[in-house]
Structures are given as C-alpha cells and as structure tokens.
Amino acid sequence: MTVKVVEAPEARRYEARMDGKPEVAGFSEYIRTAELIAFVHTEVAPAYEGRGVGSALVRTSLDEARAAGLRVLATCSFYAGWIDRHPDYADLLYQNRSKVSD
C-alpha cells in the first residue's frame, strides 16, 4: 500500500490518502507563521491505523518544513514522540531563546 501525503493549506493541514483512494486516511493540523510551523493535532482513521499513515504525515511535513527553512513546534504528542525516535529531525525543533522569566 502506498501513502500519498499532500498539504491542504486552505484547511491548514497535511492529508494522507492510501493507494489513490479519495478518502482521507489521516491528517495533521498545523498553525504556520513565516518562521515557524506548529503541529497541533494528528489523526489517523481507524481503518488505516498501523499502516504507516502517521509516519508518512510526519516525515513529509517535516521534510517540507526543512526545505522551507521553518522551525517546528511539536505540540502534538504524536509528532513529539516521532521526533524523539528519529533524532535526525531534532534540529528542526523550535528553541525558545527568550531570557525573560516570571
């Protein structure tokens, strides 16, 4: 089975489809600025769980973030866990550089 991931900017998300089927197998929602993309929610349809849909969403979106020179904020627990298991993507993570404290 082949997973195809495309960005749907009008919906502020990446969408995954399997084998050219029209239904969305999974999606990752984001908030994007000129310098940062925050991945806030990822969902895979139950019928497609365990088929690599979530990993394809993360890998494709992070590769595109890298190509666009964006920093990544992984507020979605799936993204955070995936990046922990794939440290070659850790360099994309946003680092707070503020020295302000409460």
Residue in segment 27-34 that is over 22 Å from R97 (Cα atoms) and either of a type in the set (S, T, N, Q) or not in a strand (DSSP E or B) (or both) present: yes
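Confirm whether V72 is touching a Lys or Arg at 6+ places or on another chain (Cβ under 9 Å), of a type in the set (V, I, T) and surrounded by 11 or more Cβ atoms within 10 Å (Cβ to Cβ).
Judged against the criteria, V72 is a match.
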Number of the condition not met by A67 [criteria: (1) surrounded by 12 or more Cβ atoms within 10 Å (Cβ to Cβ); (2) part of a helix (DSSP H, G or I)]: (1)
Test: R51 is charged (D, E, K, R) and in a loop (DSSP other than H, G, I, E, B): yes
In segment 1-26, residue surrounded by the fewest Cβ atoms within 10 Å (Cβ to Cβ) [restricted to those that are part of a loop (DSSP other than H, G, I, E, B) and touching a Phe, Trp or Tyr at 6+ places or on another chain (Cβ under 7 Å)]: R12
Tabulated pairs, segment 17-44, first on the phi > 0 side of the Ramachandran plot, second surrounded by fewer than 16 Cβ atoms within 10 Å (Cβ to Cβ) and β-branched (V, I, T), C-beta under 6 angstrom, 6+ apart or interchain: D19/T2
Those residues of segment 66-102 which are at pLDDT below 95 and either more than 18 Å from V40 (Cβ to Cβ) or among the basic types (K, R) (or both), in sequence order: Q95, R97, S98, K99, V100, S101, D102
Test: R97 is part of a loop (DSSP other than H, G, I, E, B), touching a residue at least 24 places away in the same chain (Cβ under 8 Å) and out of contact with any Lys or Arg (no Cβ under 7 Å at 6 or more places or on another chain): no
Looking only at segment 27-49, and only at residues there that are of a type in the set (A, V, I, L, M, F, W, C) and surrounded by 17 or more Cβ atoms within 10 Å (Cβ to Cβ), the one that is nearest to the chain's Cα centre (by Cα): F39
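The values are calculated or read from the model by the stated rules, or taken from the named source; none is laboratory data. Owing to the predicted nature of the structure, the values given are computational and were not obtained by experimental measurement. Reconstructed Cβ throughout: ideal geometry from the backbone, glycine too, with neighbour counts over all protein chains shown.
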